[in-house]
Amino acid sequence: MGNLTIEKSDTTTTQSTIVGLMKNYSNYNLWANATLVGWLRTKPEALVEQEVLSSFPSIKLTLLHIQATERYWFSVLNKTEFQFESAEYQTLDDLYVGFLEQSVALADYVNAMNEEQLVDNTLVVNPWFQCDFQNFDYVMQVMNHGTYHRGQIITIGRNLGFTDAPMTDYNFYNVHGK
């Protein structure tokens with residue numbers, strides 16, 4: 001098998017590849033979430049809250065799940081205790097603001113992490129599983145989780161008659177979103 005050469009992008013020329021990738025991916029997650037919220041703000045609140053057949057019964061409940069999961073993995077990364085309470089919002093706009101604030105906090109934290117912090121292991125013990133992975137694996141977990149559920153939101157929206165979903169693909173972000 002021949003040698004594979006991958007050129008580094010401008011974001012990784014002064015830092016390790018793993019640091020550059022984690023920072024770029026956390027910025028992508030924030031951009032994708034902001035793009036999604038911008039789109040959802042154009043939709044009737046009743047439809048965003050309408051229940052449908054899906055793993056989470058509405059767009060609103062899926063957003064709450066993404067946010068709670070981001071809060072959980074943020075607590076793992078910054079080694080703070082996670083509070084298992086559900087976020088309560090008075091309005092849908094309050095949810096959008098809280099959702100994006102959590103994404104900003106996560107992106108800011110990952111952007112401040114250095115290579116040593118990203119490759120350090122963190123033991124996770126919770127009621128569902130136990131693992132001891134490198135922190136960049138947890139960053140990838142939370143980012144992939146968000147991507148998965150953003151796709152579900154698009155599908156729920158399609159089932160509600162929304163035909164104008166935004167492109168939130170990682171490569172689209174790298175080409176057009178930065």
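The values are calculated or read from the model by the stated rules, or taken from the named source; none is laboratory data. Here the structure is a predicted model, which is why all the values come from computation and not from measurement. All Cβ positions, even for glycine, are placed from backbone atoms using ideal geometry, and neighbour counts span all protein chains on display.
A few remarks follow.
- Residues that are over 23 Å from Cys131 (Cβ atoms) and touching a residue at least 40 places away in the same chain (Cβ under 8 Å), drawn from the stretch 54-77: Ser54, Phe56, Ser58, Ile59, Thr62, Leu63
- Among (1) surrounded by 13 or more Cβ atoms within 10 Å (Cβ to Cβ); (2) over 19 Å from the mean Cα position of the chain (by Cα); (3) not in a strand (DSSP E or B), the one test that Thr122 misses: (3)
- Considering the stretch 104-139, and only residues there that are in contact with an Asp or Glu (Cβ under 6 Å, 6 or more places away or on another chain) and of a type in the set (A, V, I, L, M, F, W, C), the residue that is nearest to Ser16 (Cα to Cα) turns out to be Leu106.
- Here the condition is being more than 26 Å from Val125 (Cβ to Cβ), at pLDDT below 95, surrounded by fewer than 13 Cβ atoms within 10 Å (Cβ to Cβ) and not polar (S, T, N, Q); of Glu81, Glu88, Glu51, Glu101, it holds for Glu88 alone.
- Hits in the stretch 133-160 (condition: in contact (Cβ under 8 Å) with a residue 24 or more places away in the chain and not in a helix (DSSP H, G or I)): Leu160
- Hits in the stretch 138-178 - residues which are surrounded by fewer than 14 Cβ atoms within 10 Å (Cβ to Cβ) and under 15 Å from Ala107 (Cα atoms): Asn144, Lys178
- Scanning the stretch 29-58 for residues that are in contact with a helix residue (DSSP H, G or I) (Cβ under 6 Å, 6 or more places away or on another chain), assigned to a helix (DSSP H, G or I) and of a type in the set (Phe, Trp, Tyr) returns a single hit, Trp31.
- Given (1) at pLDDT below 95; (2) of a type outside the set (A, V, I, L, M); (3) closer than 19 Å to Val142 by Cα, number of the condition Trp31 does not satisfy: (1)
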